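Below is one structure; the comments refer to it alone.
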Amino acid sequence: MKRSKLIPLFMLGTLLSGCSDNKLDTDEIEVKQNTYATIADCQADWGTEDEACQPQQVADASSVQGTTTTQSHGTFIPVIMYMGPRYYYDRSTSTPMMITSGGTVKAVTSPIASHISSGSSGRAASVSTASVSRGGFGAGAHAAAGGGGHAGGGGSAGG
Amino acid sequence: MNRIHVTERPDRAAKLESIGLSFHAWDDYWNEGVCYQFNAAQIDELEAATNTLHDMCLVAVKHIIDNNRFAELHIPEEFWQPIAQSFAENAFSIYGRFDLAYDGKSVPKMLEYNADTPTSLLESAVAQWYWLEDTHSKDDQFNSIHEKLVEQWKRIPADGFGKIYFASLKDNEEDWVCVHYLMETAIQAGFEVQHIYVEDIGWNADNNTFVDLDNNVINVIFKLYPWEWMFKEEFGKNILKSDTMFIEPLWKSLLSNKGILPILWELFPNHPYLLPAYFAPDKLLSYAKKPFFSREGANIELYKNNEKIAEDVGPYGAEGYIYQELYTLPVYEGNYPIIGSWVIGDTSSGICIREDAVKITTNLSHFIPHYFTNTI
């Protein structure tokens, strides 16, 4: 026999409605993430939905305002801090946006939204930034678009 | 090899959609009102030819590297050494698809090798298998693509890299379906997977890493996006700085390049599975003029006695063309079938058939299921 004995599929049939998920689409943004001394501060900014506040060990919290680092015999004892979600300000729509733990993007509706819009970071003890550029792949397909195909729309990369 | 009219399954649409083939009805892409019937000897011949051609292609890749012939294939110079390194390290490959001309009587002829971004995978591996189960369960099919894919994923040589990312273009459902089927096979091999759109791949210049939308480092990524486009795009230069493992690997860019065809003919002149092919236009009277980089038949022109008899338009051809001897495809009731012969890892693993009413098989062709039997 040259044919497959069995082809179990666990995922595919359930995904047909999933090909237009709302994902981040921007050329360059400054993504920020706030660190909080307490979960109460974090949830005051971000609320309690989307698992927005996650505990994280910080080896050296001495630079974080509002915390103290415990030292014992020359060894720093890790301190638990709380990380809010990654977020950025969408200038095109003047909307603060957050990136959920699942990778989708949604508008920020929690109390910190007004702070982000005014350029402040709410109750955060510190803010980290990462400058990540996007959109550096894909131009070839869009240049080739127009040929149609079964999809009848954008350029295809397969063949 | 026969083209047979058969009864369509009344519930075919629901069945095809239940396995994820969402675009089966677009331009009547999936056609099970007919099928192709082979005998076992013909299937054995296709399998053997595919394995032989794949081995020859690996020889050709080594020849290009050893003789520094990248420029003839219009590969940017900064990628020459990384491609050579990728091949020397036997960088992991999951799949490829030969396009063969075959009529069941003459030996198969290689038309090209889509070794980088082949599609039609779900319909080849799954949809035609379920069709066989429903309609010809006592017959056989050359198609063990699914389990070969699962087994091949298990051979990926890295440990501790986290999840495998799978990238496809936005606004292209066929590509989306293809990569999600590949994700399914990787899951069945035991991996964690995540989809990302090609356009959403990020570059973190602080630590020279490609990242996902959460800015997590992408260590391994399957990209349904051709190398020749990646080479030229803004992030192309970043490939050389990063440690990301790309699937298909860099060395596959030499095989999906039509320049491989004249090089194969140089290395294996008069081989029965090859058609004469040249970089120069003056060696043949009747030929297919193919861009070095082209997809789905675009910008291919057919000439008979130096007169153009067919063409497909498109955006390709800026880098130039190669010239391959014109081969008269078999015609069945006005349809021209092409055999897509799948290579998983390094092994011939199954076939698919797409047929078109014109002599150039394009992305408007129809997918026709097949079976084989020992009784003809």
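Considering only residues that are out of contact with any strand residue (DSSP E or B) (no Cβ under 9 Å at 6 or more places or on another chain) and either modelled with pLDDT under 75 or facing chain B (nearest Cβ under 7 Å) (or both), which ones fall in region A:115-151?
The first filter runs over region A:115-151 and keeps only residues out of contact with any strand residue (DSSP E or B) (no Cβ under 9 Å at 6 or more places or on another chain), leaving A:118, A:120, A:139-151.
The answer is A:A139, A:G140, A:A141, A:A143, A:A144, A:A145, A:G146, A:G147, A:G148, A:G149, A:H150, A:A151.
Hey, does region B:223-230 have a residue that's at the interface with chain A (Cβ under 7 Å from one of its Cβ atoms) and either among the hydroxyl-bearing types (S, T, Y) or over 21 Å from the mean Cα position of the chain (by Cα) (or both)?
Within region B:223-230, the first condition is being at the interface with chain A (Cβ under 7 Å from one of its Cβ atoms), and the residues that meet it are B:224-226, B:229-230.
Remaining after also requiring either among the hydroxyl-bearing types (S, T, Y) or over 21 Å from the mean Cα position of the chain (by Cα) (or both): B:225.
Yes, region B:223-230 has at least one match.
Within region B:148-185, can you find the residues that are of a type in the set (D, E) and closer than 19 Å to B:N216 by Cβ?
As a first pass, look at region B:148-185 and keep what is of a type in the set (D, E): B:151, B:159, B:171, B:173-175, B:184.
Once the filter is applied, which keeps residues that are of a type in the set (D, E) and closer than 19 Å to B:N216 by Cβ, region B:148-185 yields only B:D159.
Taking only region B:10-44 into account, find how many residues are away from every other protein chain (no Cβ under 13 Å) and either modelled with pLDDT under 95 or surrounded by 15 or more Cβ atoms within 10 Å (Cβ to Cβ) (or both).
So the count comes out to 6.
Kindly establish whether B:L169 is in contact with a Ser or Thr (Cβ under 7 Å, 6 or more places away or on another chain) and surrounded by 22 or more Cβ atoms within 10 Å (Cβ to Cβ). Walk me through how you get there before you give the answer.
On the way: in contact with a Ser or Thr (Cβ under 7 Å, 6 or more places away or on another chain): no; surrounded by 22 or more Cβ atoms within 10 Å (Cβ to Cβ): yes.
It is false that B:L169 is in contact with a Ser or Thr (Cβ under 7 Å, 6 or more places away or on another chain) and surrounded by 22 or more Cβ atoms within 10 Å (Cβ to Cβ).
Being more than 19 Å from B:P249 (Cβ to Cβ), touching a residue at least 40 places away in the same chain (Cβ under 8 Å) and within 22 Å of the chain's Cα centre (by Cα) is the filter here; which residues of region B:132-163 pass it?
Hits for region B:132-163 are B:Q141, B:F142, B:N143, B:S144, B:I145.
Which one is nearest to the other protein chains (Cβ to nearest Cβ), of the residues in region B:83-118 that are over 24 Å from B:L364 (Cα atoms) and of a type in the set (A, V, I, L, M, F, W, C)?
Checked region B:83-118; the qualifying residue nearest to the other protein chains (Cβ to nearest Cβ) is B:I94.
For region A:6-26, give me each residue that is exposed (fewer than 12 other Cβ atoms within 10 Å of the Cβ), farther than 15 Å from B:L21 by Cα, within 10 Å of chain B (Cβ to nearest Cβ) and modelled with pLDDT under 70.
Answer for region A:6-26, where residues must be exposed (fewer than 12 other Cβ atoms within 10 Å of the Cβ), farther than 15 Å from B:L21 by Cα, within 10 Å of chain B (Cβ to nearest Cβ) and modelled with pLDDT under 70: just A:S20.
Checking the conditions here, which among B:L284, B:L302 is touching a Phe, Trp or Tyr at 6+ places or on another chain (Cβ under 6 Å), under 30 Å from B:F231 (Cβ atoms) and either touching a residue at least 40 places away in the same chain (Cβ under 8 Å) or crowded, with 17+ Cβ neighbours inside 10 Å (or both)?
Values: B:L302 fails: touching a Phe, Trp or Tyr at 6+ places or on another chain (Cβ under 6 Å).
Residue meeting the stated conditions: B:L284.
Under 6 Å between Cβ atoms, which residue pairs at least 6 apart in sequence (or on different chains) link something in region B:308-330 that is more than 22 Å from B:D282 (Cβ to Cβ) and more than 14 Å from chain A (Cβ to nearest Cβ) with a partner that is in a loop (DSSP other than H, G, I, E, B) and modelled with pLDDT of 95 or more?
As it stands, the answer is B:P330/B:D103, since those pairs meet every condition given.
Looking at B:A318, is it modelled with pLDDT under 95 and within 15 Å of B:K359 (Cβ to Cβ)? Can you show your working first?
On the way: modelled with pLDDT under 95: yes; within 15 Å of B:K359 (Cβ to Cβ): no.
So B:A318 does not fit the description; no.
Would you check if B:G236 is closer than 23 Å to B:Q85 by Cα and more than 14 Å from chain A (Cβ to nearest Cβ)? Please lay out each step first, then the result.
Working: closer than 23 Å to B:Q85 by Cα: yes; more than 14 Å from chain A (Cβ to nearest Cβ): no.
No; evaluated as a whole, the condition is false for this residue.
I need a count of the residues in region B:184-194 that are more than 7 Å from chain A (Cβ to nearest Cβ) and either surrounded by 22 or more Cβ atoms within 10 Å (Cβ to Cβ) or free of Cβ contacts under 8 Å to residues at least 24 places away in the same chain (or both).
Let us first name the residues in region B:184-194 that are more than 7 Å from chain A (Cβ to nearest Cβ), namely B:185-186, B:188-194.
Checking which are either surrounded by 22 or more Cβ atoms within 10 Å (Cβ to Cβ) or free of Cβ contacts under 8 Å to residues at least 24 places away in the same chain (or both) leaves us with B:185-186.
Qualifying residue count, region B:184-194: 2.
Quick check on my filter: what residues within region B:63-120 are hydroxyl-bearing (S, T, Y) and surrounded by 20 or more Cβ atoms within 10 Å (Cβ to Cβ)? Talk me through it step by step, then tell me what you get.
Residues of region B:63-120 hydroxyl-bearing (S, T, Y): B:86, B:93, B:95, B:102, B:106, B:113, B:117, B:119-120.
Those that are hydroxyl-bearing (S, T, Y) and surrounded by 20 or more Cβ atoms within 10 Å (Cβ to Cβ): B:S86, B:S93, B:Y95, B:Y102, B:Y113, B:T117, B:T119, B:S120.
Kindly indicate the residue of region B:195-216 that is touching a residue at least 12 places away in the same chain (Cβ under 8 Å) and charged (D, E, K, R) and also nearest to the other protein chains (Cβ to nearest Cβ) among those meeting that condition.
That would be B:E199.
Would you call B:T52 of a type in the set (S, T, Y), modelled with pLDDT of 95 or more and surrounded by fewer than 20 Cβ atoms within 10 Å (Cβ to Cβ)? Steps first, answer last, please.
On the way: of a type in the set (S, T, Y): yes; modelled with pLDDT of 95 or more: yes; surrounded by fewer than 20 Cβ atoms within 10 Å (Cβ to Cβ): yes.
It is true that B:T52 is of a type in the set (S, T, Y), modelled with pLDDT of 95 or more and surrounded by fewer than 20 Cβ atoms within 10 Å (Cβ to Cβ).
Across region B:287-319, which residue is nearest to B:N363 (Cα to Cα) among those that are outside any strand (DSSP E or B) and acidic (D, E)? Give the derivation first.
Taking region B:287-319 as the starting set, the residues that turn out to be outside any strand (DSSP E or B) are B:292-300, B:305-306, B:312-319.
Subsequent filtering for residues that are acidic (D, E) retains B:296, B:312, B:319.
Values: B:E296: 5, B:D312: 11, B:E319: 22 Å.
Looking at the filtered set, the residue picked out is B:E296.
Restricting attention to region B:119-163, report how many residues are outside any helix (DSSP H, G or I) and either within 11 Å of another protein chain (Cβ to nearest Cβ) or more than 26 Å from B:A13 (Cβ to Cβ) (or both). Break it down into steps so the answer makes sense when it comes.
As a first pass, look at region B:119-163 and keep what is outside any helix (DSSP H, G or I): B:119-120, B:136-144, B:154-163.
Imposing the further condition that a residue be either within 11 Å of another protein chain (Cβ to nearest Cβ) or more than 26 Å from B:A13 (Cβ to Cβ) (or both) reduces the set to B:119-120, B:136-137, B:139-144, B:154-163.
Of the residues in that region, 20 qualify.
Name the residue, out of B:I338, B:I322, that is part of a strand (DSSP E or B) and over 30 Å from B:E147 (Cα atoms). Give the steps one after another, and end with the answer.
Values: B:I338 fails: over 30 Å from B:E147 (Cα atoms).
Only one candidate passes the filter, namely B:I322.
I'd like to know if region B:348-359 contains one or more residues that are among the basic types (K, R), within 27 Å of B:L121 (Cα to Cα), in contact with a Gly (Cβ under 7 Å, 6 or more places away or on another chain) and assigned to a strand (DSSP E or B). Show your work before the answer.
Within region B:348-359, the first condition is being among the basic types (K, R), and the residues that meet it are B:354, B:359.
Those left that are additionally within 27 Å of B:L121 (Cα to Cα): B:354, B:359.
Going one step further and asking which of them are in contact with a Gly (Cβ under 7 Å, 6 or more places away or on another chain), we end up with B:354.
If we keep only those that are assigned to a strand (DSSP E or B) too, we end up with B:354.
Yes, region B:348-359 has at least one match.
How about region B:27-115: which strands (runs of 3 or more DSSP E) wholly inside it have at least 1 residues that are hydroxyl-bearing (S, T, Y) and over 18 Å from the mean Cα position of the chain (by Cα)?
Working: elements: B:34-39, B:95-101, B:109-114.
Passing ranges, in order: B:34-39.
It is to be established whether one or more residues within region B:132-144 are of a type in the set (A, V, I, L, M), farther than 24 Å from B:E8 by Cα, buried (at least 20 other Cβ atoms within 10 Å of the Cβ) and out of contact with any Leu (no Cβ under 7 Å at 6 or more places or on another chain).
Here is the first cut: in region B:132-144, the ones of a type in the set (A, V, I, L, M) are B:132.
Checking which are farther than 24 Å from B:E8 by Cα leaves us with none.
Looking for residues that are of a type in the set (A, V, I, L, M), farther than 24 Å from B:E8 by Cα, buried (at least 20 other Cβ atoms within 10 Å of the Cβ) and out of contact with any Leu (no Cβ under 7 Å at 6 or more places or on another chain), one finds none in region B:132-144, hence no.
Looking at (1) over 30 Å from B:M183 (Cβ atoms); (2) under 22 Å from the mean Cα position of the chain (by Cα), find the lone condition where B:I19 falls short.
Every condition holds for B:I19 apart from (1).
The values are calculated or read from the model by the stated rules, or taken from the named source; none is laboratory data. Because the structure is predicted, anything quoted here is derived from the model rather than measured. Note: ideal-geometry Cβ built from the backbone for every residue, glycine included; neighbour counts use all protein chains shown.
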